[in-house]
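Peer 1: The structure follows.
The values are calculated or read from the model by the stated rules, or taken from the named source; none is laboratory data. The structure displayed is predicted, hence computed values, not measured ones. Backbone-built Cβ (ideal geometry, glycine too); neighbour counts: all protein chains shown. In case anyone asks, the SASA skips ligands and DNA or RNA and just uses the protein heavy atoms, side chains included. Shrake-Rupley method; radii C 1.70, N 1.55, O 1.52, S 1.80 Å.
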Number of protein chains: 2
Amino acid sequence: MKPKKRTTIYDIAEKLNITASSVSRALNNSSHVNEETKKLVLKTAAELNYKRNILASNLRKGESKTIGIVVPRINQNIFSNVIAGIEETTYSKDYNLIICQSNESHEKEVKSVNALINQHVDCIVISVAAEGSDYSHLQNVIDHGIKLIQFDRVADEVETLKVLNDNHQASLEGITHLIEQGYKRIALLEGPQNLDIFRQRKQGYLEALKLHNLPVINELIIENAWTKELGAEATRKLLNLPEPPDAIFASTSDFSALGVLEVATSMGIKVPSELGILGYSNEPFTELTSPSITTIDQFSHYMGKTIANLYFQESENKESPVVPRTISVKPKLIIRASTSRRSYK
Amino acid sequence: MKPKKRTTIYDIAEKLNITASSVSRALNNSSHVNEETKKLVLKTAAELNYKRNILASNLRKGESKTIGIVVPRINQNIFSNVIAGIEETTYSKDYNLIICQSNESHEKEVKSVNALINQHVDCIVISVAAEGSDYSHLQNVIDHGIKLIQFDRVADEVETLKVLNDNHQASLEGITHLIEQGYKRIALLEGPQNLDIFRQRKQGYLEALKLHNLPVINELIIENAWTKELGAEATRKLLNLPEPPDAIFASTSDFSALGVLEVATSMGIKVPSELGILGYSNEPFTELTSPSITTIDQFSHYMGKTIANLYFQESENKESPVVPRTISVKPKLIIRASTSRRSYK
DNA sequence: AAATTATGTGCAATCGATTGCATTTATAAA
DNA sequence: TTTATAAATGCAATCGATTGCACATAATTT
């Protein structure tokens, strides 16, 4: 692969006996060029297979038309949908996306964020890793004059635009549904409590119990059970209690709920009659398990679009400072077989 | 968000009363700087919260330390795994990934590729969209001196590095397994035949039939049935034939196989006893359906690592031209319930 | 002590595109 | 015909980092 020299505006200029300035103006469709010249430049550019060097352009203009996204994992339903939503909206405006995965590692998250700052992205969209409690790297983004939008898993203390679900409400509705189905000893698999979303889900759970005069039983609340494996482990423990729960709310994810289901099945416990299972996120597979899993849909695709629009909205009024604000999307309970012991069509 | 001016090497230089050259050398750990100066620069850089402007650096150096990836959809198992594999390998070398989705649209694929060329990425890794047959945009990549690696769905005629599965072999093994399980009228749901991988899978199917002296029945071969919906539709047609198939190989994807399963279930046809189902890709959900779906694992994570290593290998010997070559990974048949009518543990 | 070699630093050009200002040319107004 | 105005183009600086070359100083060798 010979390092062929790429065509620049100077090559075009030389060929047409004009200056690079005019070529640049022509390519940028400026009104200060003759229509003739413009056409000629465009034609020559095509002939020479010219591609604008975005690096140079961005360096000069001080913008990058690039949005960086940092998520724990791209192949989780909510994240891939948010990304898709952002992409659909930004694509038409010729924005690029740089996507990074933190793999739930705080260190990698920090490294990714710094790499994006280096890249001079115009905006960073992030859902933070579960690990970690120091968010100075986010403050750093703001200090560099880069817009920052947090979604779903947000760091409270960093004041930015935030797009998230009403986790409290969703949780409340979910538990209420369980109670209506006649479940009385409802266990909670909770996520890392340093993350707001998991705290909110717990609050919703607690509030629902309270509203229905059900006692909070501490041994039914299991910390950090947020992967399939941890969910399975927690379930084993729970189902072996002298008084086991009759329902489990895997508030962390559907993966965790899947762990619950597998253990229950392997122990010969019938779902939903003997055990109700409620997940979170509406992963596609929740429809496919038997029984299918009741879960909560986060409208993640819509969230993605919202995020992108928020960015464009903000970048229009450059002068005025960003007013930190939170957009809350109301999630939806998707009732399926795993909790429907009274009725399920 | 005030457009705070970011610290540059000139700021550091000024503060230390040296030139930008020295600062640059210090930051790049060149051997031509005094240790003292180096320390001082590093310290000051940290104090001023300096972040190298990669745009400027890349512009000057003519490289970008960025790899562009174009895939049909990031949330398909093979693609998200390949991406993860590439990321793991490139991460430690401080490379950035720009990920684009073509959404199976040829137009979007072309636009993405061009955007990546503009970005001056060092390498483009692509799995082409099903739509489209003109691959001049790929030739274009090469003509711009950018390394190109195709994987999985490759355009044959473009001579590049290719990393793919031995689709023919996998298909052959899969069908052989079906035959061993006693299935005799095996239908094929085929993908767009302009893509090599789907042609190969068909060849494997045909060869397996031949080897076992089974006739090829044209009405059992359905074109372009490669989404869940199309798979379902094809299945409806097949199962309503006077002589319906006793097994269906959804050679295009597990999604298609899922469509098959759903239709079969809704028609009250028992899987695997009355109908065997074989998918392709080992999507996570294939384990979860009931019955679980037999499928073919592509070692996609490993493919990702292979791709990244291939790139680094190639970029080391800059002088010598790239020798187009193909690395073939042998996929593995994952036998599950949907085809196990003789035995399934 | 003179000659040679390291070592560290500065100067200035470079990467490619953009843009404010100046200049030329064409057009309209006086 | 002269002057005012508009349109098109050129000039040159700029964005920030890198690097070949030149030069000065220090260390080493004869």
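Peer 1: From B:Glu36, B:Glu87, which residue is at the interface with another protein chain (Cβ under 9 Å from one of its Cβ atoms), of a type in the set (Asp, Glu) and assigned to a helix (DSSP H, G or I)?
Peer 2: B:Glu87
Peer 1: Given B:Arg60, B:Arg52, B:Arg73, which one is in a helix (DSSP H, G or I) and open to solvent by 70 Å² or more (accessible area, probe 1.4 Å)?
Peer 2: B:Arg60
Peer 1: I'm trying to understand the selection: among the residues of segment A:93-117, which are part of a loop (DSSP other than H, G, I, E, B) and either under 21 Å from B:Thr89 (Cβ atoms) or modelled with pLDDT of 90 or more (or both)?
Peer 2: A:Ser102, A:Asn103, A:Glu104, A:Ser105
Peer 1: I've got another one for you. So the check is Cβ under 6 Å with 6+ separation or different chains; which pairs have a first residue in segment B:192-216 that's in contact (Cβ under 8 Å) with a residue 24 or more places away in the chain and a second one that's among the polar types (S, T, N, Q) and open to solvent by less than 10 Å² (accessible area, probe 1.4 Å)?
Peer 2: Hits for this filter: B:Ile197/B:Asn167; B:Gln200/B:Asn167; B:Arg201/B:Asn167; B:Arg201/B:Ser171; B:Arg201/B:Ser251; B:Gly204/B:Ser171; B:Tyr205/B:Ser171.
Peer 1: Scan segment B:135-176 residue by residue and report those that are surrounded by fewer than 20 Cβ atoms within 10 Å (Cβ to Cβ) and touching a residue at least 60 places away in the same chain (Cβ under 8 Å).
Peer 2: B:Glu159, B:Asp166, B:Gln169, B:Glu173
Peer 1: Can B:Val82 be described as of a type outside the set (Asp, Glu), assigned by TED's automatic domain parsing to the domain that holds B:Ser315 and in contact (Cβ under 8 Å) with a residue 12 or more places away in the chain?
Peer 2: It is true that B:Val82 is of a type outside the set (Asp, Glu), assigned by TED's automatic domain parsing to the domain that holds B:Ser315 and in contact (Cβ under 8 Å) with a residue 12 or more places away in the chain.
Peer 1: So, A:Arg236, is that one over 26 Å from A:Val82 (Cα atoms) and open to solvent by 10 Å² or more (accessible area, probe 1.4 Å) or not?
Peer 2: Here the answer is yes, as A:Arg236 does meet what is asked.
Peer 1: Return yes or no: is B:Gly132 crowded, with 19+ Cβ neighbours inside 10 Å, small (Gly, Ala, Ser) and not in a strand (DSSP E or B)?
Peer 2: Yes: the conditions hold for B:Gly132.
Peer 1: Could you check segment A:33-79 and list, in sequence order, the residues that are without any contact (Cβ under 8 Å) to a residue 40 or more places away in the chain, of a type in the set (S, T, N, Q) and under 18 Å from B:Gln76 (Cβ atoms)?
Peer 2: If the condition is that a residue be without any contact (Cβ under 8 Å) to a residue 40 or more places away in the chain, of a type in the set (S, T, N, Q) and under 18 Å from B:Gln76 (Cβ atoms), then A:Asn75 is the only one that fits.
Peer 1: Residues of segment B:18-44 being modelled with pLDDT of 90 or more, open to solvent by 40 Å² or more (accessible area, probe 1.4 Å) and more than 43 Å from the chain's Cα centre (by Cα), which ones?
Peer 2: Selection gives B:Ile18, B:Thr19, B:Asn34, B:Glu35, B:Glu36, B:Lys39, B:Leu40.
Peer 1: Condition (residue is open to solvent by 90 Å² or more (accessible area, probe 1.4 Å), assigned to a loop (DSSP other than H, G, I, E, B), under 30 Å from B:Pro324 (Cβ atoms) and more than 8 Å from DNA strand D (Cβ to nearest atom)) applied to segment A:5-17: is it met by at least one residue?
Peer 2: The answer is yes; a qualifying residue exists.
Peer 1: In segment B:39-71, which residues are away from DNA strand C (no atom under 14 Å from the Cβ) and either away from every other protein chain (no Cβ under 14 Å) or not charged (D, E, K, R) (or both)?
Peer 2: B:Lys43, B:Ala45, B:Ala46, B:Leu48, B:Asn49, B:Tyr50, B:Thr66, B:Ile67, B:Gly68, B:Ile69, B:Val70, B:Val71
Peer 1: While we're looking at this one, here's another question. If a residue has to be β-branched (Val, Ile, Thr) and more than 19 Å from the chain's Cα centre (by Cα) to count, how many in segment B:287-309 make the cut?
Peer 2: 3
Peer 1: Additional query: Of (1) within 22 Å of B:Asn309 (Cβ to Cβ); (2) at pLDDT below 95, B:Val163 satisfies all except one. Which?
Peer 2: (2)
Peer 1: Please state which of the following conditions A:His120 fails to meet, knowing it meets all the rest: (1) free of Cβ contacts under 8 Å to residues at least 60 places away in the same chain; (2) over 26 Å from A:Ser281 (Cα atoms); (3) not in a helix (DSSP H, G or I).
Peer 2: Going through the list (1) free of Cβ contacts under 8 Å to residues at least 60 places away in the same chain; (2) over 26 Å from A:Ser281 (Cα atoms); (3) not in a helix (DSSP H, G or I), A:His120 breaks only (1).
Peer 1: With the structure loaded, tell me whether A:Lys93 is surrounded by fewer than 24 Cβ atoms within 10 Å (Cβ to Cβ) and within 16 Å of DNA strand D (Cβ to nearest atom) or whether it fails that test.
Peer 2: In short, no.
Peer 1: Next up: If a residue has to be within 14 Å of the chain's Cα centre (by Cα) and within 10 Å of chain B (Cβ to nearest Cβ) to count, how many in segment A:99-156 make the cut?
Peer 2: 5
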